[in-house]
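Okay, so here's the structure we're looking at.
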Amino acid sequence: MTTLKVQERTEFTNSARRKVREQGQVPAVIYGKSTDTKSISLDSIELIKTLREEGRNAIIKLDLNGKSHSVMLYEMQTDPLKNEIVHADFHVVNLKEDVVVEVPVTLTGDAAGVKDGGVLQQPMYQASITAKPGDIPQSIEVDISELGVNDTLTIKDVKVSGKYTFNHEEDEVVASILPPQQEEEIDSGEQQESGEPDNAEGRENEEGSSEDEKQS
C-alpha cells in the first residue's frame, strides 16, 4: 500500500487552485463517514505513478499532518488537452466493510474460434464487483483459449480467483465468437448498396412509396 504525503488547502478560489496545479500539485478533497471533509493537495506525478502501478481501485494511504487515512480514489477530473489531473476526490474506507467497484476485464489466451476464422466480440470491458477494499483485484483476467466459433462466455463461466462476488446476472455475456460468414454477409451487403448509382435518391423514393402504401 503506497503512502502519499498531502497538504491541507486553505484557499479555494480558482486562482488558488490554478496556482496549486502550476506547482505540480493536484487539488483534491478527502472525506468519509467518520472523517471531516478536508481540502488537500498532493504531488501529481506521485499520484499518476501510483494509479498506473496499482490500478484505479488501489488503497492509498494519505499522510495529512502526521495522520494516516486509508482511501480510495472516488472521482477524478482530467484535462484531456494537457493530459493532467485537474481534481481528485478521495473516500476514506473501512478495510473491514464491503465496497462496490468497477474492475477492468482482460481477455487472455488465443481463442480457438478466432484461429478458425471467427470474430471475437467483447461486450463487457468493466465488471461490477463487491469486495473488501484490500481484496479488490487490479483486473479480472478471463481465459478465452477454449472459446470456439459460436461459443459464448458468460459471467457464470468466469472462474473467481479472489475474495469478491460479481454484481451481474449469470447470463450476461463477457465474450463470444461470431462465425466468419456473418462478417462476410455484412460486408457484401454494404458493398452492393454503396455501388448502386443514385443510391440515396433511390432510398428516398422507396421510403416515400412505402409511406404512400401505409397511407393507402
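Values computed for the structure shown
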{"quantity": "Estimated FRET transfer efficiency when R0 is 35 angstrom, pair GLU97-ARG52 (beta carbons, to 0.05)", "calculated": "0.85"}
{"quantity": "Candidate residues TYR31, TYR74: accessible-area rank, largest first, probe 1.4 Å", "calculated": "TYR74, TYR31"}
{"quantity": "Sequence-separation-based contact order of the range 1-72, relative, with Cα cut under 8 Å and 6+ spacing, percent", "calculated": "39 percent"}
{"quantity": "List LYS67, LYS33, LYS115, ordered by accessible area with a 1.4 Å probe, largest first", "calculated": "LYS33, LYS115, LYS67"}
{"quantity": "Over 26 Å [Cα-Cα, the range 24-148], rounded percent", "calculated": "36 percent"}
{"quantity": "Amide H partners (placed H, <5 Å) of VAL86, local residues excluded", "calculated": "GLN77, THR78, ASP79"}
{"quantity": "Three-way shape call for the range 1-95 based on the alpha-carbon gyration tensor, with the a/c threshold at 1.5", "calculated": "oblate"}
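The values are calculated or read from the model by the stated rules, or taken from the named source; none is laboratory data. Not measured: the values here are computed from a predicted model. A quick note on method: Cβ atoms are made from the backbone with ideal geometry, for glycine too, and the neighbour counts reach across all protein chains shown. Accessible surface is based on the protein model in full, side chains and every heavy atom, while ligands, DNA and RNA are left aside. Shrake-Rupley method; radii C 1.70, N 1.55, O 1.52, S 1.80 Å.
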